[in-house]
1. Against the definition (at pLDDT below 90, aliphatic (A, V, I, L, M) and open to solvent by 60 Å² or more (accessible area, probe 1.4 Å)), how does Val132 come out, yes or no?
2. Might you check whether a residue that is closer than 24 Å to Thr146 by Cα and hydrophobic (A, V, I, L, M, F, W, C) occurs anywhere in segment 88-95?
3. Does segment 169-207 hold any residues that are under 21 Å from Ala104 (Cβ atoms) and acidic (Asp, Glu), and which are they?
4. Is there any pair with a first residue in segment 203-215 that is among the polar types (S, T, N, Q) and a second that is assigned to a strand (DSSP E or B) and open to solvent by less than 80 Å² (accessible area, probe 1.4 Å) whose Cβ atoms are under 7 Å apart and which are 6 or more apart or on different chains, and what are they?
5. For segment 4-61, what are the residues that are without any contact (Cβ under 8 Å) to a residue 24 or more places away in the chain and in contact with a helix residue (DSSP H, G or I) (Cβ under 8 Å, 6 or more places away or on another chain)?
6. Which condition number in (1) open to solvent by 30 Å² or more (accessible area, probe 1.4 Å); (2) β-branched (Val, Ile, Thr); (3) out of contact with any His (no Cβ under 6 Å at 6 or more places or on another chain) is the one that Val207 fails?
7. Restricting attention to segment 66-112, report how many residues are farther than 15 Å from Ala18 by Cβ, among the small types (Gly, Ala, Ser) and buried (at least 18 other Cβ atoms within 10 Å of the Cβ).
8. Please identify the pairs in which a residue from segment 177-202 that is free of Cβ contacts under 8 Å to residues at least 60 places away in the same chain has its Cβ atom under 8 Å from the Cβ atom of a residue that is aliphatic (A, V, I, L, M) and open to solvent by 80 Å² or more (accessible area, probe 1.4 Å), counting only partners at least 6 apart or on another chain.
Amino acid sequence: MGDRDTLTGDQVMAEGLADWRPILGTIRARFATGDFVTGRTLVDRVTDAAEEMNHHPDLDLRYPYVDVTLSSHDVGGITDRDLRLARRISEIAAELGASADPVARQLLELTIDTWDAEQIRPFWVAVLGGEVRDGEVVDPSGQLPTLWFQGTDRHDVPRQRYHPDVWVAPDAARERVDAALAAGGVLESDDEAPSFWVLADAQGNRVCVCTSLQRGS
């Protein structure tokens with residue numbers, strides 16, 4: 001694979017990056033630093049490594065951890081560039097004694113079921129202050145979840161028109177599904193697992209638990 005070829009979630013998992021997990025076109029890691037100063041040191045050293053490679057992650061410094069997100073924005077997905085930098089970041093974290101929590105990262109995506117996305121998408125761009133990327137409404141600042149539009153048949157009887165898509169690390173999905181079922185949820189469908197499970201609460205409100213496995217880039 002070249003540096004401009006995007007990788008699927010399955011391909012990323014096959015690389016054996018113990019600290020990282022693919023989530024919605026990115027790879028993500030959390031490193032427990034124990035204190036803010038160590039976190040700052042980790043961010044400084046990652047910044048230096050990123051400059052050397054001319055490939056830059058998103059960094060979120062918190063007490064007591066640092067979240068790192070990697071993707072190749074120029075091709076809209078995960079590439080070998082991200083894998084190389086991920087390995088280097090893991091080395092730096094290990095040198096500082098920062099332990100990885102690979103299943104801690106997650107991402108919420110909102111989905112609206114619609115028979116005409118073109119008709120309603122401009123409204124959502126306006127009301128969210130977002131922009132359109134690949135048909136989705138995205139907050140450029142990264143503060144709000146992405147809004148995705150899923151095709152459905154036209155209908156007159158009111159029914160649920162949107163549902164959350166909760167994106168988790170592939171090896172955290174089963175635990176998340178089981179916990180939801182134990183809390184009174186219902187399994188609507190696991191036909192597409194491990195790509196996604198369709199669940200509902202006791203009143204029928206649906207949500208999908210999603211991973212990056214068995215899908216495209």
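1. Judged against the criteria, Val132 is not a match.
2. no
3. Asp171, Glu175, Asp178
4. Every condition considered, the pairs that remain are Thr211/Val168; Ser212/Pro22; Ser212/Ile23.
5. Result: His56, Leu59.
6. It is condition (3) that Val207 fails.
7. The total comes to 3.
8. Gly184/Ala202; Gly185/Ala202; Val186/Ala202
The values are calculated or read from the model by the stated rules, or taken from the named source; none is laboratory data. Note that the structure is a prediction, hence the values are computed from the model and not measured. In this analysis, Cβ positions are derived from the backbone assuming ideal geometry, glycine residues included, and neighbour counts consider all displayed protein chains. Calculation scope for accessible area: heavy atoms of the full protein, side chains included, ligands and nucleic acids excluded. Shrake-Rupley method; radii C 1.70, N 1.55, O 1.52, S 1.80 Å.
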